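Have a look at the structure below, then the notes.
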Amino acid sequence: MKAVMVMIGTVAICCANVLCLEKIMKEAPNSSALVLIVNYILIIGETLLRSPSTLTSPSVPLSNYLIITLLNFSHSLLNNMALAYNVDMPTVLIIRSGSILANMAVSIVAFRRAYPISKYLSVTMVTVGIVMATLASAEEKKREESEEGYGRWLVGMGMLIYSLFASSVMGVFQERLFAKFGRDVKGEALFYCHFLGLPKFIFQWSALIASVGEFSASPPLEMVPGVPRLWALLVLNVALQNAGLKGVYWLLSEWSSLAVTMVTTVRKFISLLLSIYLFSNPFTPSHWIGSILVMVGSGLFALPEKKKEEKTE
């Protein structure tokens with residue numbers, strides 16, 4: 001019963017987090033760096049409070065974290081920035097669901113892995129769904145936006161696609177890191193991937209200063225006078241993201257990865273529906289067909305392969 005309650009809570013929290021981020025990006029489209037650095041600071045601070053020796057006595061040479069840090073920073077930043085380039089949240093959710101396509105492609109290239117036919121069919125379904133939804137969005141943008149606006153949308157889509165594959169490549173480097181140093185360094189790796197990424201915010205300094213001013217000047221909350229609404233939304237976003245991650249990790253410790261994958265797929269679909277309803281995002285029949293193909297394909301990909309029964313003489 002506890003696991004079911006945690007599952008329901010995790011789905012609700014993750015959906016609320018997505019909607020909260022969308023609200024922030026609609027009101028402050030250029031605040032990606034601020035949202036990201038606050039998340040970085042939370043992860044760094046929480047790790048140091050839990051294990052201060054992580055900073056002074058790393059068990060892995062820091063050079064091993066450099067590529068992962070770069071990929072993590074660029075992936076996270078561009079993922080959020082895409083929302084400022086005329087890409088709506090439903091499209092973002094559909095593209096992100098293509099992670100199994102990117103993971104399979106990177107695994108085949110990096111590890112020469114082979115997959116059963118059923119997995120290729122699932123990924124084909126996901127790919128067709130993503131292409132359908134993307135083409136439908138492209139048609140909408142061509143009709144609604146100017147040539148400049150459509151160009152910004154293409155840039156945003158490029159950011160999402162890069163982010164998708166950067167996340168998969170990062171997974172390869174993490175897998176190699178854990179194979180070399182053991183999985184006990186997971187917490188340390190999470191810390192240094194964020195800590196070593198802090199200097200990169202120097203290049204986003206002007207955007208950070210502008211966002212701080214914009215957030216501080218936002219209208220106050222009705223229930224809490226004097227508290228700017230955007231700062232409240234950012235605190236809520238960070239808290240929800242942290243709680244959602246802990247919920248997912250708890251479920252992974254109690255359930256199979258298949259069950260957690262199915263929960264994640266359901267969460268994405270609910271977030272998609274809520275985003276369409278609450279923010280009036282355009283969604284055509286082609287979007288619906290594409291999103292259903294993506295979700296079903298993701299679910300089928302997670303299904304375990306049936307083991308062949310051993311023949312007995």
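With a simple spin-label model that places each label point 7 Å from the Cα along the Cα-to-Cβ direction, the separation between Tyr120 and Leu135 comes to 2.2 nm.
Is segment 45-159 rounded, prolate or oblate when judged by the Cα gyration tensor, a ≥ b ≥ c being the square roots of its eigenvalues, rounded requiring a/c under 1.5 and prolate requiring a/b larger than b/c? Oblate, since a/c reaches 1.5 and b/c is not below a/b. Working note: Karplus 6.51/-1.76/1.60 with θ = phi - 60° gives segment 105-116 the couplings 4, 5, 5, 5, 6, 7, 10, 6, 6, 10, 10, x Hz, where Gly and Pro are set to x.
Summarise the accessible area of segment 1-115 (1.4 Å probe, protein heavy atoms) by the percent that is carbon and sulfur. After summing per-atom areas, the C and S share lands at 68 percent. Exposure check, 1.4 Å probe, all protein chains in place: Lys180 carries approximately 140 Å² of accessible surface. To the nearest 0.05, how large is the calculated FRET efficiency for Ile289 and Lys180 if R₀ is 35 Å and r is the Cβ-Cβ distance? Using R0 = 35 Å, I get an efficiency of 0.20.
When the residues Trp250, Trp205 are ordered by accessible surface, computed with a 1.4 Å probe over the protein chains alone, the sequence from largest down reads Trp205, Trp250. Each of [x] 20.5, 80; [y] 19.5, 57; [z] 20.2, 64 is a candidate for Rg and Dmax of the Cα atoms in Å; the one calculated from this structure is [x]. For segment 117-224, carbon and sulfur atoms together expose 66% of the accessible surface, with a 1.4 angstrom probe and every protein chain in place. Computed with every protein chain present, the accessible area of Ser63 is close to 80 Å² [probe 1.4 Å]. Starting from the Cα of Ile202, move 7 Å in the Cα-to-Cβ direction to define the label point; list residues of segment 7-49 whose amide nitrogen is under 18 Å from there. Correct set: 37.
Multiplying the residue separation of Ala3 and Ile270 by 0.36 nm and subtracting their alpha-carbon distance yields 94.2 nm.
Using the Cβ-Cβ distance between Leu66 and Ala217 with R0 set to 45 Å, the FRET efficiency works out to roughly 0.75. Figure note: Asp88, Asp184 ranked by solvent-accessible area, largest first, 1.4 Å probe, ligands and nucleic acids not counted: Asp184, Asp88. If only the Cβ of Lys and Arg carry +1 and only the Cβ of Asp and Glu carry -1, the dipole of segment 166-271 around its Cα centre is close to 260 debye.
The values are calculated or read from the model by the stated rules, or taken from the named source; none is laboratory data. Given the structure is predicted, the values throughout are model-derived calculations rather than measurements. Neighbour counts run over all protein chains shown; Cβ positions are idealised from the backbone, glycine included. Note: accessible area is taken over every heavy atom of the protein model, side chains too, but ligands, DNA and RNA are not part of it. Shrake-Rupley method; radii C 1.70, N 1.55, O 1.52, S 1.80 Å.
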